[in-house]
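Novice: Pasting a structure here, questions to come.
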Amino acid sequence: MGLHILYPEKDLLIFPERRVSYAKMAGKSLLLARSLQGSGIQSGDHIGILAPNLIEVIELLFAIALCDVVAVFINARYKTHELSYVIENTDIKLLFSTNRIEDYVDFPELLYESLEGLNRRVDPSLPLQLDAAPKLKKVVLLDEAEKPGLMSFSQFINYANEITEHEAWNRRQQVKLSNPCIYDVHLRNDRTPQRLSPES
């Protein structure tokens with residue numbers, strides 16, 4: 001993250017539709033880190049990511065690293081029973097997805113089919129209570145779509161008001177290089193689950 005001081009205006013990411021400088025990435029990642037911590041996420045918690053390759057996902061990964069939590073990448077090609085198994089058995093507390101349809105995948109509909117009762121939740125700010133995923137507390141969209149049971153990105157960012165930049169950086173100082181940062185998820189060739197394990 002120190003490169004944002006040395007090269008603030010240099011491009012860190014170049015996408016066809018957008019460029020992101022080191023300084024902008026640092027600012028957005030810190031904002032997301034404050035939001036994660038303000039929402040109640042603690043060191044070692046698991047954060048699920050069910051989304052295509054988006055700039056927002058990269059920003060989220062930097063924020064996850066700042067917070068000493070573990071990213072769980074979820075394959076968008078999973079069937080509903082596979083997705084529900086992975087969400088439950090990787091102890092995901094907060095799940096990020098998107099309303100953008102990618103390769104004919106409608107992510108909110110996939111989540112509704114996989115997590116019974118999610119689409120009946122009225123207030124997305126309240127903790128979820130789903131039998132299919134008892135540890136999952138919130139599902140956040142990386143955009144502004146309004147969907148039952150799913151928190152919009154702007155709603156999630158409001159949690160940053162609970163944490164100062166100083167407090168967020170203090171969490172960063174506790175992160176050790178040996179701490180797990182990515183959860184490695186595999187399914188067998190016959191599409192049945194095998195042991196799931198965190199990777200450092």
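Bear in mind that the values in this text are calculations on the coordinates, not laboratory data. Remember, it's a predicted structure, so these values are computed and weren't measured experimentally. For neighbour counting, all protein chains shown are included, and Cβ atoms are generated from backbone atoms with ideal geometry for every residue, glycine included.
Novice: Measuring from label point to label point, each 7 Å out along Cα→Cβ, what is the ILE157 to GLU116 span in nm?
Specialist: Here the modelled spin labels are 3.7 nm apart.
Novice: Next up: Consider all pairwise Cα distances in the stretch 1-101 and report the whole-number % of them above 21 Å.
Specialist: 40 percent
Novice: Divide the volume of the convex hull of the Cα atoms of the chain by its number of residues and quote the answer in cubic angstrom per residue.
Specialist: Cα-based convex hull of the chain, divided per residue, equals 125 Å³.
Novice: Report the number of Lys pairs in the stretch 3-199 whose alpha-carbons are under 13 Å apart, with separation of 8 or more residues or on distinct chains.
Specialist: Value for the stretch 3-199: 5.
Novice: Translational diffusion coefficient, Stokes-Einstein: compute it for the stretch 69-111 using the Kirkwood radius over C-alpha pairs as Rh, at 20 °C and 1.002 mPa s, and state it as an integer in µm² s⁻¹.
Specialist: Translational D for this selection: 192 µm²/s.
Novice: Right, something else. Net charge near GLU59: determine it from the other residues with C-beta under 11 Å of the C-beta of GLU59, scoring Lys and Arg +1 and Asp and Glu -1.
Specialist: +1
Novice: Which ordering of LEU141, LEU83 is given by a fewest-first count of other beta-carbon atoms within 10 Å? All intermediate terms of the calculation are to be shown ahead of the outcome.
Specialist: Details: LEU141 26, LEU83 23.
The most exposed by this proxy come first: LEU83, LEU141.
Novice: Could I ask something else about it? Across all directions of projection, what mean area in square nanometres is found for the Cα convex hull of the stretch 87-141?
Specialist: 3.7 nm²
Novice: How do ILE163, ILE74 rank when sorted from fewest to most other Cβ atoms within 10 Å of their own Cβ?
Specialist: ILE163, ILE74
Novice: Name the residues whose placed amide hydrogens come within less than 5 Å of the amide hydrogen of ILE92, ignoring near sequence neighbours (fewer than 5 apart) on the same chain.
Specialist: none
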